[in-house]
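Peer 1: I have a structure here, written as structure tokens, and I will follow up with some questions on it.
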Amino acid sequence: MIIKNPIFIIPLFLILFCCKSQESISYSVDGKYVGQGEADSRLELILASDNGFQYWERFGYGLKYTEGTWMIENDMLVLNSRKLSENEEVIRSISSGRWITFENSKWKIKSGVLIEVDKKERRLVRVKM
């Protein structure tokens with residue numbers, strides 16, 4: 001089939017080229033988030049632009065901590081902690097802080113607010129750094 005009128009090709013090309021799928025939506029979620037958790041613990045999450053993160057839970061004299069990578073998947077923030085080496089595990093076991101692990105921890109994103117899907121009490125609000 002030979003197209004005799006190329007005028008129809010241009011609008012079709014523009015429609016196909018300009019339309020974006022849901023997966024191509026990009027989020028600017030990097031930054032600092034704070035909140036309050038169980039038993040008045042203070043929560044802090046820093047999402048770096050290189051897709052790394054650091055997370056702290058502070059309560060009284062205690063501390064829980066983790067770090068790793070983040071990504072956006074199906075309009076959700078997903079956190080995965082890095083694996084500790086044997087030496088790091090020994091050091092963590094004798095320190096006052098406790099290493100926690102996020103494995104595909106999913107967070108809803110709602111205009112500057114992150115809400116953990118599994119634990120509804122973890123809610124973080126974006127703040128200026």
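The values are calculated or read from the model by the stated rules, or taken from the named source; none is laboratory data. Just so it is clear, the structure is predicted and the values come from calculations on it, not from any experiment. Ideal geometry is used to build each Cβ from the backbone, glycine not excepted, and the neighbour counts take in all protein chains shown.
Peer 1: So for the stretch 38-53 (the condition being in a strand (DSSP E or B) and hydroxyl-bearing (S, T, Y)), does at least one residue qualify?
Peer 2: Looking only at the stretch 38-53, we keep the residues that are in a strand (DSSP E or B), and these are 42-47, 52-53.
Remaining after also requiring hydroxyl-bearing (S, T, Y): none.
No, the stretch 38-53 has no match at all.
Peer 1: Now for a different question. Go through the stretch 109-125 residue by residue and tally those that are at pLDDT below 85 and surrounded by 13 or more Cβ atoms within 10 Å (Cβ to Cβ).
Peer 2: 1
Peer 1: Conditions first: (1) part of a strand (DSSP E or B); (2) of a type in the set (G, A, S); (3) under 11 Å from the mean Cα position of the chain (by Cα). G35 passes all but one, so which condition is the exception?
Peer 2: G35 satisfies all of (1) part of a strand (DSSP E or B); (2) of a type in the set (G, A, S); (3) under 11 Å from the mean Cα position of the chain (by Cα) except (3).
Peer 1: A further question on this structure: Contact list please: Cβ distance under 9 Å, first residue in the stretch 95-109 and more than 9 Å from V78 (Cβ to Cβ) and touching a residue at least 24 places away in the same chain (Cβ under 8 Å), second residue assigned to a loop (DSSP other than H, G, I, E, B) and of a type in the set (S, T, Y), pairs at least six apart or on different chains.
Peer 2: If the second residue must be assigned to a loop (DSSP other than H, G, I, E, B) and of a type in the set (S, T, Y), the pairs left are S96/Y61; I109/Y27.
Peer 1: Of the residues that sit in the stretch 53-81 and are exposed (fewer than 14 other Cβ atoms within 10 Å of the Cβ) and of a type in the set (D, E, K, R), which one is modelled with the highest pLDDT? Full working, then the answer.
Peer 2: Of all residues in the stretch 53-81, those exposed (fewer than 14 other Cβ atoms within 10 Å of the Cβ) come to 60-62, 71, 73-75.
Within this subset, residues satisfying the condition of being of a type in the set (D, E, K, R) are 73, 75.
On the way: E73: 94, D75: 91.
Ranking the candidates gives E73 first.
Peer 1: Another question about this same structure. Do we have any residue at all in the stretch 82-95 that's modelled with pLDDT of 90 or more and either basic (K, R) or under 21 Å from S41 (Cα atoms) (or both)?
Peer 2: Our first condition is that a residue be modelled with pLDDT of 90 or more; within the stretch 82-95, this holds for 82-83.
Imposing the further condition that a residue be either basic (K, R) or under 21 Å from S41 (Cα atoms) (or both) reduces the set to 82-83.
Taking every residue of the stretch 82-95 in turn, at least one turns out to be modelled with pLDDT of 90 or more and either basic (K, R) or under 21 Å from S41 (Cα atoms) (or both).
Peer 1: Tally up the residues in the stretch 52-94 that are farther than 16 Å from E116 by Cβ and within 10 Å of the chain's Cα centre (by Cα), please.
Peer 2: Residues in the stretch 52-94 being farther than 16 Å from E116 by Cβ and within 10 Å of the chain's Cα centre (by Cα): 2 in total.
Peer 1: Pick from the stretch 83-108 the residues that are surrounded by 13 or more Cβ atoms within 10 Å (Cβ to Cβ) and of a type in the set (D, E, K, R): which of them is nearest to F53 (Cα to Cα)?
Peer 2: Selected residue: K106.
Peer 1: Counting only residues that are among the acidic types (D, E) and modelled with pLDDT under 95, which one in the stretch 35-52 is surrounded by the most Cβ atoms within 10 Å (Cβ to Cβ)? Quick ask: steps written out before the conclusion?
Peer 2: Initial filter on the stretch 35-52 (among the acidic types (D, E)): 38, 40, 44, 50.
Those left that are additionally modelled with pLDDT under 95: 38, 40.
Values: E38: 11, D40: 8.
Applying the filter and picking the extreme gives E38.
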